[in-house]
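The values are calculated or read from the model by the stated rules, or taken from the named source; none is laboratory data. As the structure is a computational prediction, the values presented were derived from the model and not from experiment. Cβ placement follows ideal geometry from the backbone for every residue including glycine, while neighbour counts extend to all protein chains displayed.
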Amino acid sequence: MTMTCCPTESATDQRETSETCANEISDQLCTNCESQSRPVSRKTVLLMLKPHLLEEAMTGTYSFCSTRGCPVVYFEEQGSHRFTTDDLRIPVGMKAKIDPIPLCYCFGFDESHIRDEISCSGATTIPDRISMLIREGLCACESRNPAGVCCLGEVNRAAKRLNASRR
Ligand SMILES: [Zn+2]
């Protein structure tokens, strides 16, 4: 399953497993956990921040930290601004520890949906259902996913992990 909602130009590159279009790695290391990060558009940042913080992010270039245990979500590449999970209007699935742990921000699927489906029927149809919607061009990952990338990568990873932990 290599489909994403990302622009097809990246598909022509020599990129292996385009599970998400987040193969793009930023040079910047998270200013908190020092892990690798991904560039994120300021539009995405502004769509996630709580309203009282909007003015703080009107300038600058931001990166997204996807490290599970790190509270920092966005940090400014050439500055000291950073925003943590508490500064966002929505929970960040990769960093959430309690339900709901969002996976697909476009269509509202969270981990519990996949978990329940697997415990009821032994398998999950959710990644396929999301893939179908993406194929129809109906997703809105760039505006809804806090990483600004296609949700499907994280959905597939979670499905794999939840399937494995069941056995
Ligand atoms: Zn971090």
Count of region 54-80 residues which are part of a loop (DSSP other than H, G, I, E, B) and within 14 Å of the ligand (Cβ to nearest atom): 7
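Would you say Val73 is in contact (Cβ under 8 Å) with a residue 24 or more places away in the chain, touching a Phe, Trp or Tyr at 6+ places or on another chain (Cβ under 7 Å) and among the β-branched types (Val, Ile, Thr)?
So Val73 passes the test.
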Subset of region 39-59 that is aliphatic (A, V, I, L, M) and over 20 Å from the mean Cα position of the chain (by Cα) - its residue that is surrounded by the most Cβ atoms within 10 Å (Cβ to Cβ): Leu53
Verdict on Ser63 being modelled with pLDDT of 95 or more and buried (at least 21 other Cβ atoms within 10 Å of the Cβ): yes
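Hey, among Glu136, Glu117, Glu142, which residue is over 19 Å from Ala159 (Cβ atoms), buried (at least 16 other Cβ atoms within 10 Å of the Cβ) and not β-branched (Val, Ile, Thr)?
Glu142
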Total residues in region 121-150, condition on the phi > 0 side of the Ramachandran plot and part of a helix (DSSP H, G or I): 0
